[in-house]
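Heads up: the structure comes next, in structure tokens.
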Amino acid sequence: MRDIQHFVSGAAQPGVSGRFGDVFDPNTGEVQAKVALATAAEVDAAVQAALAAQPAWAATNPQRRARVMFEFKRLVEAHMDELAGLLSSEHGKVIADSKGDIQRGLEVIEFACGIPHVLKGEYTEGAGPGIDVYSMRQPLGVAAGITPFNFPGMIPMWMFGIAIAVGNTFILKPSEKDPSVPVRLAQLFMEAGANLGMDLKGVLNVVHGDKVAVDAILTHPDIAAVSFVGSSDIAHYVYSTGTAHGKRVQAMGGAKNHGIVMPDADLDQTVKDLVGAAYGSAGERCMALPVVVPVGAKTADAIRERVVAELETLKVGVSTDAAAQYGPVVSAAHRNKIADYIQIGVDEGAELVVDGRGFALQGFEKGFFIGPSLFDQVKPGMKTYQEEIFGPVLQIVRAESFEEALALPSQHQYGNGVAIFTRNGRAAREFAARVNVGMVGINVPIPVPVAYHTFGGWKRSAFGDVNQHGVEGVKFYTKIKTITARWPEGMTEDSAFVIPTMR
């Protein structure tokens, strides 16, 4: 049985708590490894390593820190097949999707390679007589990230890539469900430093754990900032607890992303987009598209007919099956939760057009598989519409007008992402301006911004004022200092007892 250990100060550290979590192979349902679950003392040991490393790392000039990011990027690309295989074996997503997971994280690393430019401050010469004013961005110290199971490659790189590039050191607490890829990334980061003749011990540390480790991070006095991605209830807890202990916190929560389909949309392409966005990665994405809102009965009927036809050709298979569109979900408990939501939808009166609960894969009957499901006639008051299912379930919520369709995502408790499918530029422009959601796609089903823009939802999809990655990420992981300077000219002036002004 494989033992997954912590990674602190550049080396594997066995757990001492005596507590372990099971790491399953979702394809077979078998336990493939044990992961150590940290005590508060083990979290503190990682923080002390990060504290010791941070002054020297912050003093390393931004260009040299960028070179580490360049080398780290090269190593991750060289190990892409290994990382994707490891990711799929613990998460369940198909290999191609795992490579996409890692690639989207690498795009933030690419952004971090340009950190010398991004860190340049502002300068004003002659703001007053002989006075210059300039600003600089400086690291916070030790930062931490708490990441979910659904993107074990991408989201850690979203967080530690920028945090480390600007001069912080980092504590990563990945999901205990699929922890191997984060550890491997930390090992490759150390190798990147060694290849450049730099000792990066303590710069990036990985501590596994459950609520004990999370609470230790949120209350530790030497951790300055915490980034989190997970469910909304936990995001709210992380935000309120972390800020109560004086930390800067960004906490991304759940989602119920809508796809608005106007009557003039290209339905052939739109249905392809909807099916990919709803069922890809078995729906285990915070940017999945689990709700389609066709405008008008004719549009709704056409969408339903075409989605059913697409689902008849959709292949669910093991993670290593190159022909499979998606694989198993992450755990038996999560599969059962999805099945329970499907039954709730039936009990609420929605029409279950396609039922995926009876799906079984021959030869892998103990795997955590569930087939694609489709609901029609879903109403806004239903629990299955209001809550995040996080599985391969698409719901059709019919709207009679553009205004009704616009209101649905705008009034929903979540506000992560939304998409509109239309050929009408004016309608798309108005929708993007008015919808009460943080990220909008126009004929783009999964509107995850590129790395040099920023990621973040509204309402219960995000807690905190600063988004993930891009320039917003740089702002989150740095504090700004402004300097007003005047050099003596050989004359002594009288004391000033009023606030200085730039006359």
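The values are calculated or read from the model by the stated rules, or taken from the named source; none is laboratory data. What you see is a predicted model, and the numbers here were worked out from it, not measured in a lab. Cβ placement follows ideal geometry from the backbone for every residue including glycine, while neighbour counts extend to all protein chains displayed. Please note that ligands, DNA and RNA were not included when accessible areas were found on the heavy atoms of the full protein model with its side chains. Shrake-Rupley method; radii C 1.70, N 1.55, O 1.52, S 1.80 Å.
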Would you please list the contacts, defined by Cβ atoms under 7 Å and residues six or more apart or on different chains, that run from a residue in segment 276-289 that is part of a helix (DSSP H, G or I) to a residue that is among the hydroxyl-bearing types (Ser, Thr, Tyr) and buried (at least 24 other Cβ atoms within 10 Å of the Cβ)? TYR279/TYR326; GLY280/TYR326; SER281/TYR326; ALA282/TYR326
Tally the residues that are on the phi < 0 side of the Ramachandran plot and over 11 Å from the mean Cα position of the chain (by Cα), restricting the search to segment 133-164. 16
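Condition test on ILE260, is it within 28 Å of ALA112 (Cβ to Cβ) and either open to solvent by 10 Å² or more (accessible area, probe 1.4 Å) or among the β-branched types (Val, Ile, Thr) (or both)? Can you show your working first?
On the way: within 28 Å of ALA112 (Cβ to Cβ): no; either open to solvent by 10 Å² or more (accessible area, probe 1.4 Å) or among the β-branched types (Val, Ile, Thr) (or both): yes.
When the stated conditions are applied, ILE260 does not pass them.
Just to check your reading of the model, which residue among PHE72, PHE7 is open to solvent by less than 30 Å² (accessible area, probe 1.4 Å), of a type in the set (Phe, Trp, Tyr), in a helix (DSSP H, G or I) and within 20 Å of ALA192 (Cβ to Cβ)?
On the way: PHE7 fails: in a helix (DSSP H, G or I).
Result of the check over PHE72, PHE7: PHE72.
Out of ASP273, ASP301, ASP347, ASP340, I need the residue that is outside any loop (DSSP other than H, G, I, E, B), in contact with a Pro (Cβ under 7 Å, 6 or more places away or on another chain), at pLDDT 95 or above and of a type in the set (Asp, Glu). Which one? Steps first, answer last, please.
Details: ASP301 fails: in contact with a Pro (Cβ under 7 Å, 6 or more places away or on another chain); ASP347 fails: in contact with a Pro (Cβ under 7 Å, 6 or more places away or on another chain); ASP340 fails: in contact with a Pro (Cβ under 7 Å, 6 or more places away or on another chain).
Selected residue: ASP273, the only one of ASP273, ASP301, ASP347, ASP340 that is outside any loop (DSSP other than H, G, I, E, B), in contact with a Pro (Cβ under 7 Å, 6 or more places away or on another chain), at pLDDT 95 or above and of a type in the set (Asp, Glu).
For segment 226-248, which positions are farther than 21 Å from HIS6 by Cβ and open to solvent by less than 20 Å² (accessible area, probe 1.4 Å)?
Initial filter on segment 226-248 (farther than 21 Å from HIS6 by Cβ): 231-237, 239-248.
Within segment 226-248, SER232, ALA235, GLY242, LYS247 meet the criteria.
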Heads up, the strands (runs of 3 or more DSSP E) in segment 169-235 (entirely inside) with at least 1 residues that are without any contact (Cβ under 8 Å) to a residue 40 or more places away in the chain are 169-173
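From LYS99, LYS73, LYS93, LYS120, which residue is at pLDDT below 95 and not acidic (Asp, Glu)?
Details: LYS99 fails: at pLDDT below 95; LYS73 fails: at pLDDT below 95; LYS93 fails: at pLDDT below 95.
The match here is LYS120.
Residues GLU77, GLU107: which one is open to solvent by 70 Å² or more (accessible area, probe 1.4 Å), under 14 Å from MET154 (Cα atoms) and in contact (Cβ under 8 Å) with a residue 12 or more places away in the chain?
Details: GLU107 fails: open to solvent by 70 Å² or more (accessible area, probe 1.4 Å).
One residue alone meets the criteria, GLU77.
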Return the residue satisfying two criteria in turn: it lies in segment 350-377 and is of a type in the set (Asp, Glu) and in a loop (DSSP other than H, G, I, E, B), and of such residues it is surrounded by the most Cβ atoms within 10 Å (Cβ to Cβ). ASP355
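Quick check, is LYS298 basic (Lys, Arg) and free of Cβ contacts under 8 Å to residues at least 40 places away in the same chain? Full working, then the answer.
Values: basic (Lys, Arg): yes; free of Cβ contacts under 8 Å to residues at least 40 places away in the same chain: yes.
So LYS298 passes the test.
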Kindly indicate which of PRO380, PRO449 is in contact with a helix residue (DSSP H, G or I) (Cβ under 9 Å, 6 or more places away or on another chain), free of Cβ contacts under 8 Å to residues at least 24 places away in the same chain and open to solvent by less than 60 Å² (accessible area, probe 1.4 Å). PRO449
